[in-house]
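Visitor: Structure provided below as structure tokens; questions to follow.
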């Protein structure tokens, strides 16, 4: 699926876009736009992970045309050096490989392999016009579905289905920050949340039992005894 914004940037937003940090607008290779999250699990996983290709699940039809009566102008995917889906897919795979959340990232799927099926649910940049100037914004969202090893039934259980996102917006300005620069910051926050979500879910560890099964049974406290009559 190719995502195209239904609106184009206004001259003001275009001026902000021209202030992008580097002509090479590639999230995965330009460290002036995106820097990898220094995330490493405290308890390394012992399961191998297969990362399915990132699905582009965005829809331009759902984008609002205005907010609070002020028009919204959206950036175009065409400004990037490569497709957005391709860049985010590369970053996600790289960050997972460096996270120690799993024993390793496998190139093929095995019965004992955990499978991550990620979906890009939002990746928008643009500007919200104000009375004086504009507010640049960027929003990134990922849906993470994790399927466990194959069970006796021949099916993979769904271990996790979470959506994480981040929206960043600047104060009004006549020269707002480049929305493409904000995209890198929003993606970094989303990636941090994604790695933390996978870590706390324990999907990469076979030696951690399910929370429901491992949770201790805490007896209810008995009400205080009534004072004895004297």
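The values are calculated or read from the model by the stated rules, or taken from the named source; none is laboratory data. The structure displayed is predicted, hence computed values, not measured ones. Reconstructed Cβ throughout: ideal geometry from the backbone, glycine too, with neighbour counts over all protein chains shown.
Visitor: Can you report the number of residues in the stretch 63-86 which are in a helix (DSSP H, G or I) and in contact with a strand residue (DSSP E or B) (Cβ under 9 Å, 6 or more places away or on another chain)? So that I can check it myself, show each step before the final result.
Guide: Start the filter on the stretch 63-86 by keeping residues that are in a helix (DSSP H, G or I), which leaves 77-79, 84-86.
Pick out the ones that are also in contact with a strand residue (DSSP E or B) (Cβ under 9 Å, 6 or more places away or on another chain) and you get 77, 79, 84-85.
Within the stretch 63-86, residues that are in a helix (DSSP H, G or I) and in contact with a strand residue (DSSP E or B) (Cβ under 9 Å, 6 or more places away or on another chain) number 4.
Residue by residue, here is whether (1) modelled with pLDDT of 95 or more; (2) surrounded by 15 or more Cβ atoms within 10 Å (Cβ to Cβ); (3) within 22 Å of residue 194 (Cα to Cα) holds:
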site: 12; (1), (2), (3): no, yes, no
site: 20; (1), (2), (3): no, yes, no
site: 23; (1), (2), (3): no, no, no
site: 45; (1), (2), (3): yes, yes, yes
site: 49; (1), (2), (3): yes, yes, yes
site: 52; (1), (2), (3): yes, no, yes
site: 65; (1), (2), (3): no, no, no
site: 68; (1), (2), (3): no, no, no
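Visitor: Could you check how many residues of the stretch 182-199 are farther than 17 Å from residue 136 by Cβ and in contact (Cβ under 8 Å) with a residue 40 or more places away in the chain? Break it down stepwise before answering.
Guide: If we filter the stretch 182-199 for residues that are farther than 17 Å from residue 136 by Cβ, which is where we start, we get 190-199.
Imposing the further condition that a residue be in contact (Cβ under 8 Å) with a residue 40 or more places away in the chain reduces the set to 190-192, 194-199.
Here the count works out to 9.
Visitor: Which of the residues spanning the stretch 174-193 are over 22 Å from the mean Cα position of the chain (by Cα) and either crowded, with 17+ Cβ neighbours inside 10 Å or at pLDDT 90 or above (or both)? Spell out how you get there, then give the answer.
Guide: At the first step, the residues of the stretch 174-193 found to be over 22 Å from the mean Cα position of the chain (by Cα) are 174-176.
Of everything in the stretch 174-193, just one residue is over 22 Å from the mean Cα position of the chain (by Cα) and either crowded, with 17+ Cβ neighbours inside 10 Å or at pLDDT 90 or above (or both), namely 176.
Visitor: Additional query: Those residues that are surrounded by fewer than 24 Cβ atoms within 10 Å (Cβ to Cβ) and over 17 Å from residue 142 (Cβ atoms), I need them from the stretch 107-126; list them, please.
Guide: Selection gives 107, 108, 109, 110, 111, 112, 113.
Visitor: Being surrounded by fewer than 20 Cβ atoms within 10 Å (Cβ to Cβ) and either touching a residue at least 40 places away in the same chain (Cβ under 8 Å) or touching a helix residue (DSSP H, G or I) at 6+ places or on another chain (Cβ under 7 Å) (or both) is the filter here; which residues of the stretch 92-106 pass it? Don't jump to the end; show me each part of the working.
Guide: First pass over the stretch 92-106, keeping only residues surrounded by fewer than 20 Cβ atoms within 10 Å (Cβ to Cβ): 93-95, 97-98, 100, 103-106.
Matches in the stretch 92-106: 93, 94, 95, 98, 100, 103, 104, 105, 106.
Visitor: Please state which one of 45, 126, 57, 69 is out of contact with any helix residue (DSSP H, G or I) (no Cβ under 6 Å at 6 or more places or on another chain) and at positive phi.
Guide: 69
Visitor: Taking the stretch 143-171 on its own, how many of its residues are loosely packed, with under 15 Cβ neighbours inside 10 Å, part of a loop (DSSP other than H, G, I, E, B) and in contact with a strand residue (DSSP E or B) (Cβ under 8 Å, 6 or more places away or on another chain)?
Guide: Counting residues in the stretch 143-171 that are loosely packed, with under 15 Cβ neighbours inside 10 Å, part of a loop (DSSP other than H, G, I, E, B) and in contact with a strand residue (DSSP E or B) (Cβ under 8 Å, 6 or more places away or on another chain) gives 2.
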